[in-house]
Amino acid sequence: MAWRGNNHLAWLLPMLGIIKSSPILVLGTTVLTLFSIMSDAHAYESDQYTNRTNSVADSLIPIDDQVNLAIQKILHQKRVPQTEKAFAQAVYRELGGIYWADKIERWAARSPTVDKYPQTRHKSIYRSMPVWATRVNYVFGVGRTIRVNGVLVGSDKLGHFFSQGYKYFLRELRAWSEEKVLQRGAFVENWLFGKFTTGVYSNADLVANYEGWRFYQSLFRDQVTPGKSAILTRQDARLMQQRPFTLADHINDYWDEGLNPSYNTKSLNKRLRQAILALCDEYYEQPAFFIISDDAGLWKKYQHIGLKDARENRFETICDKPTMSGGMTPP
């Protein structure tokens, strides 16, 4: 049968012969194909390994402005949503989306107010790696990397924050326990949005999901962000914004996949560690760009959300590994 779908998915056909005995894998491949056809945004992972020392403007202010603009737009609707669920849904519709790249993610990728690092779809640390290692990233490439409140993050993390965080919040409203909500998030990262499709189980994705959940909680609830009131309040039965949103309340070094590495398939991990080794000269010259300051505190804060320990993939672990002769050894 002739292939009549997207030409850039032709590489999936040989895989179908390999996985035809597994209904689960066939279903997964089908879902992947459908999503790719539905969306014009073809980036799945991001690259915070290369170009770390480049000078890139911080994008906290334009991103905060975009979110606060969305909140104000909702508050000035003719019929303002009044419940937690309804308002959260309105925010999700303004900033999130059902496709692979959400509205705010696409905005960040295109906006001239958001400066970007030079790595692009097919010019990244994953370049030249084979399809069986990088899977869908072989076709779709990587998303852009930006700097937010001093942290290097992939533009995909904005989508995780506003869309996956929203889904976590909805499950909470359905009376799911925190444990069950987090287990579902880890399951999704292992399958549809992560390891099965890309070879990458992204710990940073899970952190962005969790912080997005906290954002939706903070719309109506005090002290979700310690020391801060809810973003919204009621005055004379009218819903109003009492304080601005800022991503600085949520972002930290665990959003950075170079500092909070992903847990990868063996085939990808071997090649990724070799690629990191090739960047060690940059690490030796300016180590401050490559080392996390509060790893113990952040690991303690987020360990319960489903993180898988992949700290062996950090620069200091790979680049500072001594050999018997006193030199450095490849991973």
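Some points to look at:
- Test: residue in segment 181-195 that is at pLDDT 95 or above and under 30 Å from T53 (Cβ atoms): no
Yes or no, residue by residue, for (1) at pLDDT 70 or above; (2) surrounded by 20 or more Cβ atoms within 10 Å (Cβ to Cβ); (3) in a loop (DSSP other than H, G, I, E, B):
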| site | (1), (2), (3) |
| --- | --- |
| A109 | yes, no, no |
| D115 | yes, no, yes |
| P118 | yes, no, yes |
| W132 | no, no, no |
| Y138 | no, no, no |
| I146 | yes, yes, no |
| L152 | yes, yes, no |
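- Flag for K73 being touching an Asp or Glu at 6+ places or on another chain (Cβ under 9 Å), surrounded by fewer than 17 Cβ atoms within 10 Å (Cβ to Cβ) and without any contact (Cβ under 8 Å) to a residue 40 or more places away in the chain: yes
- Those residues of segment 251-310 which are farther than 17 Å from S46 by Cα, assigned to a helix (DSSP H, G or I) and hydrophobic (A, V, I, L, M, F, W, C), in sequence order: L277, C280, A288, F289, A296, L298, W299, I305
The values are calculated or read from the model by the stated rules, or taken from the named source; none is laboratory data. Predicted model only: the values in this text are computed from it and were never measured. We place every Cβ from the backbone using ideal geometry, glycine too, and count neighbours over all the protein chains shown.
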